[in-house]
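**Student:** Below you'll find the structure I mean.
The values are calculated or read from the model by the stated rules, or taken from the named source; none is laboratory data. Please read all numbers here as calculations on a predicted model, not as lab measurements. All Cβ positions, glycine included, derive from the backbone under ideal geometry; neighbour counts span all protein chains shown.
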Amino acid sequence: MAIKPGDFWHAIAEMVHTYSLENYKELKKIYGRGKDEVDLSPFFNLLVVHELAHMFHHTGFSENDPKGLEPFFAKKLLQIEI
């Protein structure tokens, strides 16, 4: 998981800034840190959790529960700030 903003994601934010100021303002509204910094690491942390859910979807962890991971992630989502 992303601990601090990486150069690659900083470059992505800069590309958005270069090609669409309107989209960059929206990105900054959601992921802005400080005056002129955009930190996309919270979004990519969510991708990690999403991909882990795919890995566990067809394992014994979810096969014993007909609803799969739905109750597990519903409880987890209540515990975090999105």
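**Student:** Of all residues in segment 30-80 being small (Gly, Ala, Ser) and surrounded by 13 or more Cβ atoms within 10 Å (Cβ to Cβ), which is modelled with the highest pLDDT?
**Tutor:** Among residues in segment 30-80 that are small (Gly, Ala, Ser) and surrounded by 13 or more Cβ atoms within 10 Å (Cβ to Cβ), the one modelled with the highest pLDDT is GLY32.
**Student:** Which residues, counting only those in segment 21-48, are within 11 Å of the chain's Cα centre (by Cα) and either of a type in the set (S, T, N, Q) or part of a helix (DSSP H, G or I) (or both)?
**Tutor:** Within segment 21-48, TYR31, SER41, PRO42, PHE43, PHE44, ASN45, LEU46, LEU47, VAL48 qualify.
**Student:** Looking at segment 8-20, is at least one residue part of a loop (DSSP other than H, G, I, E, B) and at pLDDT below 85?
**Tutor:** no
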